[in-house]
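Following: one structure in structure tokens, then a few remarks.
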Amino acid sequence: MNTMIDEVVTKELISPIKYSAKDFSSDQDVRWCPGCGDYAILASVQRVLPDLNIPKEKYVFISGIGCSSRFPYYMNTYGMHSIHGRATAIASGLKIARPDLSVWVITGDGDGLSIGGNHMIHVLRRNIDVNILLFNNQIYGLTKGQYSPTSETGKVTKSTPLGSVDMPFNPAALALGSGGSFVARTLDRDPKHMQGIIKRAAEHQGTSFIEIYQNCNVFNDGAFFQFTEKETKSDSVVFLEHGKPLVFGKESDKGIKLDGFSPVVVSLKDGQHSVDDLLIHNEKDSTLAFILANMTYHPELPRPVGIFLAQDRPKYEDEVERQIDSAISKRGRGQLEKLLNSGDTWTIQ
Amino acid sequence: MDKETRVLDEVTIRFAGDSGDGMQLTGGQFTNTSAVMGNDLSTLPDYPAEIRAPKDTTYGVSGFQIHFGATEINTPGDHCDVLVAMNAASLKVNLRSLADGGIIIVNTDGFGAKNLKLAGYAQSPLSDGSLSKYQLFQVDITKLTNLTLADMNLPQKIVDKTKNFFALGMMYWMFNRVPENTLQWIQDKFKKDPELIEANTRVMKAGWNYAETTDVFAVKYEVKPAPLTPGRYRNISGNQATALGMVAAAEKAKLPLFLGSYPITPASDILHELSNFKNFGIKTFQAEDEIAGITSAIGASFGGALALTTTSGPGVALKTEAIGLAIMTELPLVIVNVQRGGPSTGLPTKTEQADLLQAVYGRNGEAPLPVVAASTPSDCFNAVFEASRIALKYMTPVMVLTDGYIANGSEPWLIPEVDKLPDISVKFRKDPNNYLPYLRNEKTLSREWAIPGTPGLEHRIGGLEKQDKTGNINYEPENHDLMIRLRAEKVERIANDIPLAKVEGNEKGDLLVVGWGGTYGTLKTAVERKRKEGKSVSHLHLKHLNPFPKNLGEVLYNFDKILVPEINMGQLIKILREKYLIPAIGLNKIQGLPFRSMEIELKIDEVLGGKK
Ligand code: SF4
């Protein structure tokens, strides 16, 4: 259907344009606290976009409210800094109306999982092709330090002086439980890994959900240091790679094996186990994805980082277009005159 | 036997029965036939609030009222002249709407001991003399229907389902209706099942013949065609008209239509209707909640669609923060509120006009938005078309107020000619040179619509205060003051672009009755009656409630007294008093029901005292 939209927007990329990261940075001063993990995420996104071969005007970044949600202002793309929790719903409407766009959602643990939790689960189940970057810092930064839905139980904050009593969300498991077709986790202090994941997410057809461990050095400094700092990282994190065994440890001396449905750590040095005994990651296997996601918060297991699941599933907006096309082929293109005159009509002379 | 025929100007009939008795269908058929015969008419269905209420109880009663005439008809009727009651419960519930001396036709089979008990009658009203002031006709419709179909050996369940056609047949005879329209409808409806065609046709004819040949009925009535404007008509309900109005607006704006909505009574039918029009390229999104309904629409609007969200009062409450975002981002959006009884969940299936202040004022911060109200079922078409025009031209969300009464009510609609509908298209910004997101058109103060996908116009918008022109975040005191005033001024200037207020009746006089929304037909009827009596009274019905027409003050000052009847505690009157400092008088009824013309007439008499 030809509309006014067709008169202004780019139809397809005529010749690939060479962009650099700088082309994606806007003229606005970046105003996060010095040392905030958000800087690294911004830089990574700006580095990945030039590789995606999408015209710059097709990108839209939509955010809600929170520190992370300032993100769109720093991108030289179309963007909307919307209201608390609703970025996923706004992005859904935009992508359904305009499937030609590359739509990104920037959100945080409070914005995306607390006030916006409902929209989050629904965008995931629908599988609308938007890329969701959830900056998880396990704290409310913008409102100056209350506990968040991902803060660990017992967290002492301004609003929980005696420690929080609620159990935290496990965002990856929540996304999987909502029917997410692409679910991943990455680290603000591992730009290379982060860029790889962002690229995969962008290429994924359907909703992509990336939980990014992000350090809030003002209100929750070091929350993820165990997983991001050199001394502890290799013993505390297992990187998930499709088709590869789950090996970790400073000297790659440990691995994850399945004992029934439960992952357990085994030593590769004690002569009892070899790499052949280990769990092989398969990012197409949703059952496995659940098992891996549930390793999170387990005191004896390393934290899984990487792509839990990358599955092909029909995209919501494609199905919408398909219904429209089939309605047109069955009933013909709608004609207003005919529609207004449908049903029982009569003529007064 | 030749029966007497009396000619009537207008009649109101109410069909009532148990939810399973098919009264909506019966009323709908009577309506279509009367429309085709050239009567003007107005109808109102009255559904039970429960989806499947226990059979034969008072809360399972379903009714359908049709007011038709040889003259202009503006309301579904204060009272009915004829009540068709298929069981005891339906008589009990509807008797109070029957005029004194009115006709009651009952299906006696629906008045057995069990029916009476379920309806809460200690003894049968058919025999205890309590109906003596009415003309009561008792017909055993069930038995007669059974006899009619005895040789067809149909299951009893099917036979029971045809008995409403017996009642319809009798009413067709009594009011001289041509049966062909309904006979054809039966053919079309049951074309896959010849048995049902046969059964329903037979039963309807049996009803007609019964009325014609027995001496139960001595009189039949004739209602001649009304002098309607020539042209092609169809019957339309408010929610249908809303849906069609949006399809037309999208077509005339040359934009794709996007609806984000969450089911809610009494607005869901708009979502249902639009979901059917996929071959127009319309995208309907049933969202996870009211908030996603509107925010998805805001996303679509950012992308260049004509965006719509539909709901009722509680839904507007939930959408409020997002409406503020649309105001701040200055994106076009049509918000339809089909008002129902409040507060809170209130009376979902009943009507009310109590969301006007919510529409005009109900947001945090200084957040003005244009408000348009529909006055009749078919006027919903015009209201949403006008709202779309304003939204697109002024880059603003616009609230449309309809209500449960006009949303479900229906009336004949003179189908508009597509070519005569105005072009409301706007141009998206294309030129990348010197683009600033919040530069404004000098005349309308509207900013330009630049949509993602357009090279060189990349920009960011959002809910934080904007710097004038650039749209960058800005917290400076003077800038905030300026932006507040600019947004308000933009809405105010719409007054230059809407029709002037025009009273029906004399432009000066003792009393002006001012109304808005679904009370139109009732106020018009009441004022016309009083004018015929020689009273100096006129009627003004407002379509634009924010901003008001430019001349509204002058119009009001031309009358000694102003009466403002509303189905609320006095909301329009508050705004009128505040804006024009007039001592207006209110008439307020909040029963979940529309006004009756009589109530308005009595108030007019009271306000005018003995004055002629
Ligand atoms: S408060 Fe924390 S999350 Fe927010 S900008 Fe500062 S460091 Fe970053």
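Listing for the model above:
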{"item": "Considering only chain B, percent of DSSP beta bridges that pair antiparallel, nearest 5", "result": "35"}
{"item": "Heavy atoms of B:D21 accessible to a 1.4 Å probe, total area in Å² rounded to 10", "result": "20"}
{"item": "Under the Debye formula (equal points on every Cα, no solvent term), log10 I(q)/I(0) of the stretch B:509-607 at q = 0.19, 0.22, 0.25 Å⁻¹", "result": "-0.88, -1.20, -1.53"}
{"item": "Rg(Cα) / (2.2 N^0.38 Å) computed for the stretch A:302-349, rounded to two decimals", "result": "2.38"}
{"item": "Cα convex hull volume per residue for the stretch B:4-222 (Å³)", "result": "122"}
{"item": "Projected label distance in nm at B:E50 and B:E533, using a 7 Å step from Cα toward the beta-carbon", "result": "4.2"}
{"item": "Per-pair calculated FRET efficiency, R0 = 56 Å: A:N341 and B:K579 via Cβ, rounded to 0.05", "result": "0.85"}
{"item": "Length gained when the stretch A:R313-A:H242 is fully extended (0.36 nm per residue, less Cα-Cα span)", "result": "23.7 nm"}
{"item": "Exceeding the 31 Å Cα-Cα cut-off - candidates B:K319/B:K508; B:K502/B:K589; A:K18/B:K443; B:K550/B:K603; B:K508/B:K543", "result": "B:K319/B:K508; A:K18/B:K443"}
{"item": "Area of B:R440 that stays accessible when all protein chains are in place (1.4 Å probe, Å², to 10)", "result": "50"}
{"item": "Where only alpha carbons of chain A are counted, the Rg and the Dmax (Å)", "result": "22.9, 99"}
{"item": "Table column - 3J(HN,Hα) (Hz), the stretch B:119-126, Karplus curve with 6.51, -1.76, 1.60, x for Gly and Pro", "result": "7, x, 8, 6, 9, 5, x, 6"}
{"item": "Residues B:M598 and B:N551, FRET efficiency given R0 of 56 Å [Cβ-Cβ distance, rounded to 0.05]", "result": "0.95"}
{"item": "For chain B, the longest site-free run once GluC sites (Glu not before Pro) in DSSP loop states with at most 13 other Cβ atoms within 10 Å are removed", "result": "B:51-365"}
{"item": "Exposure of A:W346 as accessible area (Å², to 10), given a probe of 1.4 Å and all protein chains", "result": "20"}
{"item": "Rounded to 5, percent antiparallel among DSSP beta bridges of the stretch B:4-222", "result": "45"}
{"item": "Residues of type aspartates and glutamates that B:K3 reaches as a straight line, Cα spacing below 17 Å, ignoring anything fewer than 8 places off in the same chain", "result": "B:E212, B:D215, B:E222"}
{"item": "Share of Cα-Cα pairs in the stretch A:197-311 lying beyond 17 Å, as whole percent", "result": "58"}
{"item": "Estimated inter-spin distance, A:K199 and A:V275, nm [label 7 Å along Cα→Cβ]", "result": "2.3"}
{"item": "Fraction of beta bridges assigned by DSSP in the protein assembly as shown that are antiparallel (%, nearest 5)", "result": "35"}
{"item": "Gained length - A:T153 relative to A:R333, 0.36 nm times residue gap less alpha-carbon distance", "result": "59.1 nm"}
{"item": "Translational diffusion coefficient (Stokes-Einstein; Kirkwood radius from C-alpha pairs) of the protein assembly as shown at 10 °C, 1.306 mPa s, in µm²/s", "result": "50"}
{"item": "Ellipticity estimate at 222 nm from DSSP helix runs (n ≥ 4, -39,500 (n - 2.57)) divided over chain B, nearest 500", "result": "-11000 deg cm²/dmol"}
{"item": "Radius of gyration, Dmax [chain B; alpha carbons; angstrom]", "result": "26.7, 90"}
{"item": "Under 15 Å from B:K393, Cα to Cα: aspartates and glutamates that are on another chain or at least 8 residues apart", "result": "B:E330, B:D423, B:E442, B:E448, B:E489, B:E492, B:D497"}
{"item": "Spatially proximal lysines relative to A:K250 (Cα-Cα < 18 Å; intrachain offsets below 8 disregarded)", "result": "A:K230, A:K233, A:K269"}
{"item": "B:K114-B:N441 pseudo-label distance in nm [points 7 Å out on the Cα-to-Cβ vector]", "result": "6.7"}
{"item": "Heavy-atom accessible area ranking, 1.4 Å probe, most first, across B:M37, A:M80", "result": "B:M37, A:M80"}
{"item": "Length released on extending from B:D193 to B:H480, taking residue separation times 0.36 nm less the Cα-Cα span", "result": "96.4 nm"}
{"item": "R0 of 41 Å, Cβ-Cβ distance A:D51-B:A488: FRET efficiency to nearest 0.05", "result": "0.30"}
{"item": "Neighbour cut-off at most 15 other Cβ (10 Å), DSSP loop, chymotrypsin sites (Phe, Trp or Tyr not before Pro), the stretch A:274-334", "result": "A:Y297"}
{"item": "Of all accessible heavy-atom area on chain A, the percent that carbon and sulfur account for (1.4 Å)", "result": "51"}
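The values are calculated or read from the model by the stated rules, or taken from the named source; none is laboratory data. From a predicted model like this one, the values you see are computed outputs, not experimental measurements. We place every Cβ from the backbone using ideal geometry, glycine too, and count neighbours over all the protein chains shown. For the accessible areas, the whole protein counts, side chains as well, though only heavy atoms, and no ligand, DNA or RNA atoms are used. Shrake-Rupley method; radii C 1.70, N 1.55, O 1.52, S 1.80 Å.
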